[in-house]
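Undergrad: Below: one structure in structure tokens.
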Amino acid sequence: MSQEIFDKAEEKLKEIAAYPVANADELEQFRIAFLGTKNTIRPLFGEIRNVDNDRKKEYGQLVNQLKQSAEAKFEELNGQLTSEASADIDVPDLTKPVNADPIGTRHPLAVVQNQIIEIFARLGFTISEGPQIEDDWHNFTALNFPPDHPARDMQDTFFLTEDMALRTHTSSVQIRLMETSKPPIRSIMPGRVFRNETISARAHCQFHQVEGLYVDTNVSLADLKQTLYYFAREMFGEDTKVRFRPSYFPFTEISAEMDISCFVCKQEGCNICKYTGWVEILGCGMVDPNVLENCKIDSEKYTGFAFGMGVERITMLKYRVNDLRLFFENDVRFLRQFTSAK
Ligand code: DAH
């Protein structure tokens, strides 16, 4: 008799071990079957009455073992299923270090423009800006352009109406500044300009200039040369030399172009300076008295100097960029190369 009871209990032990549990529903079935209020182990406890006295202790241990193994299996599977479920939800680990997003880089033109601004700021130049859509007066007439100057041609300039155009240079901001303020005036004027050019490696329909203007009593050519010499050394290095070549602009008299000694080959000769040892970087001159008068500044009392440079040109020289179009394509492979530039 006892043996049959023992066999049933042994059977139950196997049943518990083999019970298939693969998901939360099956686990619940398992719990009801072996641990719930109407579980199938409980009746086996009652059977102890029918077990021979000398085996009661052994049977007691067996049914206790049944209960424990059901509890152990439940705990283990419950733990597994809940950790699998939480793994599925993909909760972010908020204790992890912050995943720093890569920061963008400053555009090389902005880098160089800021450098230019900073150098002139040290000499007391303020910054002025003007509109990119400009009228004929500010872009041409007040700057002493004769009516038949080629820059007024539709071929060279983007005209919007007969009187309005996209400004072709930042010199227009000189006029706006002189019309609205009194000398002493000492300012630089960075900005985008437009010309009707076919786009190529060396020309573009838009680019950037920084214009400079200094108007006061007794401003001389020596001031101009010293200011630009200071700029060239700050921008291209202490041992940079400068030279001025006579030139022509309608709004300056006298006019010049400034070259710097080639900082690439140290004037040994290279393809940057086309084996001349010099590279041109800007135009400049003494403000034409007509221009001062156009802005109602007394040209008997005041004189001034002005200069204008292309930001693209300086950037190309400084960073050896050989295609102007790269500045406007926003190709990150190009832009990323300026990560460390300030
Ligand atoms: N406006 C000239 C240009 O676009 C550059 C320039 C030359 C500006 C001489 C000046 C200057 O102020 O004095 O080519």
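The values are calculated or read from the model by the stated rules, or taken from the named source; none is laboratory data. Predicted, not measured: the structure shown is a model, and the values here were computed from it. Reconstructed Cβ throughout: ideal geometry from the backbone, glycine too, with neighbour counts over all protein chains shown. Keep in mind that these areas ignore ligands, DNA and RNA; they rest on the heavy atoms of the full protein, side chains included. Shrake-Rupley method; radii C 1.70, N 1.55, O 1.52, S 1.80 Å.
Undergrad: Checking residue 100 against (1) of a type outside the set (Val, Ile, Thr); (2) in a loop (DSSP other than H, G, I, E, B); (3) in the same structural domain as residue 12 (by TED's automatic domain parsing), which single condition isn't satisfied?
TA: Answer for residue 100: the failing condition is (3).
Undergrad: Scan segment 112-152 residue by residue and report those that are open to solvent by less than 70 Å² (accessible area, probe 1.4 Å), part of a loop (DSSP other than H, G, I, E, B) and not aromatic (Phe, Trp, Tyr).
TA: Passing the criteria: 123, 124, 128, 130, 131, 144, 146, 149.
Undergrad: Filter segment 295-325 for residues that are over 26 Å from residue 226 (Cβ atoms) and open to solvent by 50 Å² or more (accessible area, probe 1.4 Å); which is modelled with the highest pLDDT?
TA: My answer is 296.
Undergrad: Go through the residues of segment 278-286 one by one and say whether even a single one is in contact (Cβ under 8 Å) with a residue 24 or more places away in the chain, more than 10 Å from the ligand (Cβ to nearest atom), buried (at least 17 other Cβ atoms within 10 Å of the Cβ) and of a type in the set (A, V, I, L, M).
TA: Looking for residues that are in contact (Cβ under 8 Å) with a residue 24 or more places away in the chain, more than 10 Å from the ligand (Cβ to nearest atom), buried (at least 17 other Cβ atoms within 10 Å of the Cβ) and of a type in the set (A, V, I, L, M), one finds at least one in segment 278-286, hence yes.
Undergrad: Still on this structure, please answer the following. Hey, residue 74 hits all of (1) closer than 30 Å to residue 313 by Cα; (2) open to solvent by less than 60 Å² (accessible area, probe 1.4 Å); (3) part of a helix (DSSP H, G or I) but one; which does it fall short on?
TA: All conditions are met except number (1).
One line per residue, one yes/no per condition, for (1) open to solvent by 10 Å² or more (accessible area, probe 1.4 Å); (2) within 14 Å of the ligand (Cβ to nearest atom):
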{"position": "169", "(1), (2)": "yes, yes"}
{"position": "172", "(1), (2)": "no, yes"}
{"position": "183", "(1), (2)": "yes, no"}
{"position": "194", "(1), (2)": "yes, yes"}
{"position": "197", "(1), (2)": "yes, yes"}
{"position": "204", "(1), (2)": "yes, yes"}
{"position": "208", "(1), (2)": "yes, yes"}
{"position": "211", "(1), (2)": "no, yes"}
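Undergrad: Got at least one residue in segment 259-273 being touching a Cys at 6+ places or on another chain (Cβ under 9 Å) and within 16 Å of residue 144 (Cα to Cα)?
TA: No, that holds for no residue.
Undergrad: Could I ask something else about it? Among the numbered conditions (1) modelled with pLDDT of 95 or more; (2) crowded, with 17+ Cβ neighbours inside 10 Å, tell me where residue 254 comes up short.
TA: Failed condition: (2).
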